[in-house]
Amino acid sequence: MSDKNQVFRYFDIILGIFVAVLIISNIAAVKTVQIWKFTFDGGTILFPLSYIFGDVLTEVYGYKRARRVIWTGFAGALLMSLVLYVVQILPASEDWEWQTEYETVLGPVFRIVLGSLTAYFAGEFLNSYILSRMKVKMQGKRLWMRTIGSTLAGEGIDTLIFVIIAFYGVFPNDVLVAIIISNYIFKCSIEILFTPVTYLFVGFLKKKEHEDHYDKGISYNPFSLKL
């Protein structure tokens, strides 16, 4: 078990990328796109990377540090949403003519972030919890089974909650079902396809950070920020 005050070389970089992925995904989600027969929100193109980073963080640094990263991402997304909303309701200057366009494009961001935060709280913590427990039970073997298995569960809860909160009443129910199915298939497919990359990334970090954390006897309370 690592020292809670241990300094890692790459942890802060991963944290920064993780927060950026979460924020960018929430903004891009205001547009729905269609590729071949799949319909999904634009944020889905980037969002699966957050689960891959979540897997890497839990596998290398442990559940407690992954939990702090998740909460940091929440704080960043919430701050972005509040700022966009305040800017929206503030009076526009006389020479600015795009208030309607601003409300149309960025107005839904607050609802999307609410859906994202709620869904991500459930999905990402479930993903991290399952991977953490499986690592201990499997004694660190079969990483692919842990990353894919935890993602299938986490992304399922995440996608269902997010689409319902963010888009219910905005699109017809048949479109909502199509978005849920398309999002889930796309996200899980990305996780599976990126498994070799995940292996390389995890191996690199374990070697460079001299860390391979096992969560034994810890509290999985998602509301705690203690290391």
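Here are a few things to note about the model shown:
- With respect to being closer than 21 Å to L22 by Cβ, in contact with an Asp or Glu (Cβ under 8 Å, 6 or more places away or on another chain) and in a helix (DSSP H, G or I), L205 fits the description.
- Lone unmet requirement of (1) more than 23 Å from P222 (Cα to Cα); (2) modelled with pLDDT under 90; (3) of a type outside the set (G, A, S); (4) not in a helix (DSSP H, G or I) for R9: (2)
- Qualifying residue in the stretch 47-61 (condition: closer than 22 Å to V175 by Cβ and either outside any strand (DSSP E or B) or out of contact with any Lys or Arg (no Cβ under 6 Å at 6 or more places or on another chain) (or both)): yes
Each row is one residue, and each column tells you yes or no for (1) free of Cβ contacts under 8 Å to residues at least 60 places away in the same chain; (2) within 23 Å of T198 (Cβ to Cβ).
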{"site": "I24", "(1), (2)": "yes, yes"}
{"site": "W36", "(1), (2)": "yes, no"}
{"site": "D41", "(1), (2)": "no, no"}
{"site": "F53", "(1), (2)": "yes, yes"}
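- Subset of the stretch 66-124 (residues that are out of contact with any helix residue (DSSP H, G or I) (no Cβ under 6 Å at 6 or more places or on another chain), among the small types (G, A, S) and either under 18 Å from F47 (Cα atoms) or surrounded by fewer than 12 Cβ atoms within 10 Å (Cβ to Cβ) (or both)): A75, S93
- Considering residues of the stretch 192-227 that are loosely packed, with under 14 Cβ neighbours inside 10 Å and of a type in the set (K, R) only, the residue farthest from M145 (Cα to Cα): K226
- Residues of the stretch 125-154 satisfying the condition of being among the basic types (K, R) and either part of a helix (DSSP H, G or I) or crowded, with 24+ Cβ neighbours inside 10 Å (or both): R133, K135, K137, R146
The values are calculated or read from the model by the stated rules, or taken from the named source; none is laboratory data. Given the structure is predicted, the values throughout are model-derived calculations rather than measurements. Heads up, the Cβs are rebuilt from the backbone with ideal geometry, glycines too, and the neighbour counts pull from every protein chain shown.
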